[in-house]
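The block underneath contains the structure these notes are about, expressed in structure tokens.
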Amino acid sequence: MKPIHIFIALIALSVFLFAADSGNKETEKIPNVDEIVNKANLVAYYQANDGKAKVSMTITDKKGQTREREFIILRKDLADGGDQHYYVYFLKPADVRKMVYLVHKHTAQDKDDDRWLYLPALDLVKRIAAGDKRTSFVGSDFLYEDVSGRSLEEDSHELIETTENFFIVKNVPKDPDNVEFTYYNVFIDRNNFIPMKMQYYDNQGSLYRTIEAQGVELIQKFPTVVKALVTDLKTGSKTEMQFSDVKYDIGLDDEIFTERYLRRPPREAIR
């Protein structure tokens, strides 16, 4: 073979090897599905050790009529990626003012979350049964389970697509009799691992419910969803939540998240 031909052949071979190596590197950059869902779970629900936010909720029915809710949400992690406590104190409107929703979230698959609802008009503390966690949260399109999150152990996870911007993960319930959906897909941002969109499918395989993150800001170095929208495609209703006064690592006391404070809100919940 003439020298020039050898030179061209070497160039072609090096280009081929570089392309193959680049493809392998790209493959190596994609984490496995367990890593993806674990990172997304931490970003969505476990930023810092604790947190506080003021939430404005607007519920819009299919006729365009709206209802408003305003509340403070407090969150404290007992372990990163593990058990958590949530305290939700309602400020407005008058019919829900001083109502409290308390959650002790357990990540063990064999242990249900503990949930309480304090109704001030009746001076009644009501336990929310495990079977009710996928019912409407104070008349909105969000569910009780949406507030504190669904345990990763309750679903099997499959990475079905990787796009330029998203990891798309399909989640199938391990106990389908306890939920109203057959599966749901989550679009997870490849840069910051925030779940940007969730799509729920019914028993007929039809999309019937979506949750979208419509605003993300960097707060105390943590990427934070500041606006979210859930849409019920069957009823035509939707609920928007906007988060303000978000603060992390404020040093919340464990005692706040006890039944004692259902009737006596802590100062962190009313300021």
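Coordinate-derived values only; no laboratory data. Small disclaimer: the values here were computed from a predicted structure and weren't measured. Cβ sites come from the backbone with ideal geometry, for glycine too, and all protein chains shown count toward neighbours.
Applying 0.36 nm per residue to the separation of THR66 and ASP175 and subtracting their alpha-carbon distance, the gain on full extension is 35.7 nm. Projecting the Cα atoms of VAL103, SER244, ASN32 onto the dipole axis of segment 32-270, where Lys and Arg carry +1 and Asp and Glu carry -1 at the beta carbon, places SER244 farthest toward the positive end.
Classify segment 120-271 from the C-alpha gyration tensor, please: rounded if a/c falls under 1.5, else prolate or oblate depending on whether a/b exceeds b/c. Note, shape of segment 120-271 comes out oblate. Note on the chain: helix-only mean residue ellipticity at 222 nm, from DSSP H runs of 4+ residues weighted -39500 (n - 2.57) and normalised by residue number, equals -5500 deg cm²/dmol.
Within the listed set ALA44, ALA213, ALA121, the Gaussian network model of the chain (springs between alpha-carbon atoms below 10 Å) gives the highest mean-square fluctuation for ALA121.
For the chain, a crude dipole built from +1 on the beta carbon of Lys and Arg and -1 on the beta carbon of Asp and Glu, taken about the Cα centre, is about 960 debye to the nearest 20. The mean sequence distance of close C-alpha pairs (under 8 Å, at least 6 residues apart), as a share of the length of the chain, puts its relative contact order at 19 percent. Database remark: amide H of ASP113 closer than 5 angstrom to the amide H of HIS106 (H placed geometrically; neighbours at sequence offset of 5 or more, or on other chains; Pro and chain starts carry no H). Comparing ARG97, ARG75, ARG260, which has the greatest mean-square fluctuation in the GNM of the chain with Cα pairs linked when under 10 Å apart? Judging by the Gaussian network model, the answer is ARG260.
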